[in-house]
Amino acid sequence: MTAQGLGSQTILVVGGGIGGISTAVEAAEAGYDVILLEKSPTLGGRVAQLNRYFPKLCHPTCGLEINYQRIKKQRRIKIFTMATVSGIAGSRGDFTVSVRQQPRFVKPSCTACGDCAKAAETDVANAFNYGLDTVKAAYLPHEMAYPMRYVVAPEVIGTAEADKIKAACKYDAIDLDDVEKTFELKVGAVVWATGWQPYDASKINAYSYGAVTDIVTNVEMERMAAHDGPTHGKILRPSNGEAPRKVALIQCAGSRDYNHLAYCSRICCLASMKHAAYLREQYKDVEVDIYYIDIRAHDKLENFYRKLKADPQVNWVKSKPAKIIPGDDGRPVVCGENTLTREIYAAPYDMVVLAVGMQPSVAANGLPAMNVDMDDYGFIVPEGSEGGIMSAGVASGPLDVSMSVQSATAAALRAIQAVSGRTAEGRKVANV
């Protein structure tokens, strides 16, 4: 196929987190049609699940809302939620993408009034809060959901409860006959912005996650601190609901470890410092110990580190703990050696927070794409546009939010070059 014969100039973005959203709006505002696929019921990805950003500790709602407004004003973007890619065939300029979309059981006419949730009786795990609490079987994924539309859990379909939920909707927005759909898209370029998932802390056997109730992960801690989280913004011990008086934040939980994730995830140090700040805001007498290998706070983020470093109630222990065991009173006990003082410690805590790393979603879930280079860790190598398939955000490597947005802007440019038949250097491609 010659450059003059290039097919579709539509760009497909797979993944509706901050990277995918940024790629989509940048490409659309440059004049290109974009299709955005997201596997969950709403856009926003992991960023929507954050309580605050570092270093200013502002709420992510503002950043997401700006992008949602850009999407609403942009007719060139078409969104499919609860949708995943099941196959890709073709080449740059002429891809055929097979898509599978799960049923939502709620029509676009939903006004988010909430009457369906009032009629629901069954509780299901709340995925937005990492399963730390439950929601009714008819639910709004979260208060800033986009699209602002309810979902009916498949667990109740075919039951009398589902009929009750349908009857409660005065807008006839419940569709109990909704089924899985499959369809194909014709696109000229594909951007994988599938993001990341927290590393499974239960695989770190020595740290007793799942066996000791008061051991949580960093992403769970983030939801606990959020006002719409399982504890309504109050950081409490999961075992008894009491305020913690002494908390350990364990860096590199499974990261920089050839048995788990061999690489640094870049964000964990700052995320733990942010959690220390949460604790210090809520409890003036709380003592926080941060166990670290070394601190990675790049560029201007070092100021955030220095602020925490000056707090006399935040202690820094240079050590990668060997194990965490249950104490006689059920509290977690962190055991190891301080590599500066050579002290062997066994310190009890009210709570322990494990800073688990970023695992690329494609490494765990597979990638139904051809001719895509991945590194040793499962991240998609963000090559040029010659192949027509590229990556953005954390799909390309461990990045913080601002870096993900920068990566997404670059991916949008590569995708535009791909569908317009140009190389990264701007030369027209003769044969593709």
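Is one or more of the residues making up segment 279-299 touching a strand residue (DSSP E or B) at 6+ places or on another chain (Cβ under 9 Å), hydrophobic (A, V, I, L, M, F, W, C) and surrounded by fewer than 17 Cβ atoms within 10 Å (Cβ to Cβ)? Within segment 279-299 (the criterion being touching a strand residue (DSSP E or B) at 6+ places or on another chain (Cβ under 9 Å), hydrophobic (A, V, I, L, M, F, W, C) and surrounded by fewer than 17 Cβ atoms within 10 Å (Cβ to Cβ)), the answer is yes, since at least one residue qualifies. Residue pairs whose Cβ atoms lie under 8 Å apart, sitting 6 or more positions apart in sequence or on different chains, and linking a residue in segment 64-75 that is of a type in the set (A, V, I, L, M) to a partner that is assigned to a helix (DSSP H, G or I), are Leu64/Ile18; Leu64/Ile21; Leu64/Val47; Leu64/Ala48; Ile71/Ile21; Ile71/Ala24; Ile71/Val25.
Of all the criteria given as (1) assigned to a loop (DSSP other than H, G, I, E, B); (2) touching a residue at least 24 places away in the same chain (Cβ under 8 Å), the one not satisfied by Ile290 is (1).
With respect to being part of a loop (DSSP other than H, G, I, E, B), surrounded by fewer than 18 Cβ atoms within 10 Å (Cβ to Cβ) and not β-branched (Val, Ile, Thr), Lys56 fits the description. Looking only at residues of segment 197-218 that are crowded, with 19+ Cβ neighbours inside 10 Å and of a type in the set (A, V, I, L, M), we find that the one that is farthest from Ser361 (Cα to Cα) is Val212. Residue by residue through segment 207-264, note down the ones that are closer than 24 Å to Tyr53 by Cβ, part of a helix (DSSP H, G or I) and touching a strand residue (DSSP E or B) at 6+ places or on another chain (Cβ under 6 Å). Within segment 207-264, Asn218, Val219, Met221 qualify. If you check Ile165, Ile174, which single one turns out to be in contact with a Leu (Cβ under 9 Å, 6 or more places away or on another chain) and modelled with pLDDT of 95 or more? Of Ile165, Ile174, the one residue that is in contact with a Leu (Cβ under 9 Å, 6 or more places away or on another chain) and modelled with pLDDT of 95 or more is Ile165. Here Asp311 qualifies as modelled with pLDDT of 95 or more, surrounded by fewer than 20 Cβ atoms within 10 Å (Cβ to Cβ) and either in contact with a helix residue (DSSP H, G or I) (Cβ under 7 Å, 6 or more places away or on another chain) or not assigned by TED's automatic domain parsing to the domain that holds Arg223 (or both). Of all the listed residues (Met403, Met358, Met390), the sole one being modelled with pLDDT under 95 and either under 18 Å from the mean Cα position of the chain (by Cα) or over 27 Å from Asp33 (Cα atoms) (or both) is Met403. Tyr258 falls short on exactly one of the conditions (1) surrounded by fewer than 18 Cβ atoms within 10 Å (Cβ to Cβ); (2) hydroxyl-bearing (Ser, Thr, Tyr); (3) at pLDDT 95 or above, and that condition is (3). Among the criteria (1) closer than 26 Å to Thr217 by Cβ; (2) crowded, with 18+ Cβ neighbours inside 10 Å, the one Glu143 does not fulfil is (2). Is it true that Val362 is of a type outside the set (Asp, Glu) and not in a strand (DSSP E or B)? The answer is yes for Val362.
If you go through segment 365-387 and keep only what is part of a loop (DSSP other than H, G, I, E, B), out of contact with any Pro (no Cβ under 8 Å at 6 or more places or on another chain) and either closer than 29 Å to Val216 by Cβ or at pLDDT 95 or above (or both), you end up with just Gly366. Would you mind stating whether Tyr283 is under 16 Å from Ala225 (Cβ atoms), modelled with pLDDT of 95 or more and touching a Lys or Arg at 6+ places or on another chain (Cβ under 8 Å)? In short, yes.
The values are calculated or read from the model by the stated rules, or taken from the named source; none is laboratory data. The model shown is predicted, which means the values in this text are computed figures rather than measured ones. Heads up, the Cβs are rebuilt from the backbone with ideal geometry, glycines too, and the neighbour counts pull from every protein chain shown.
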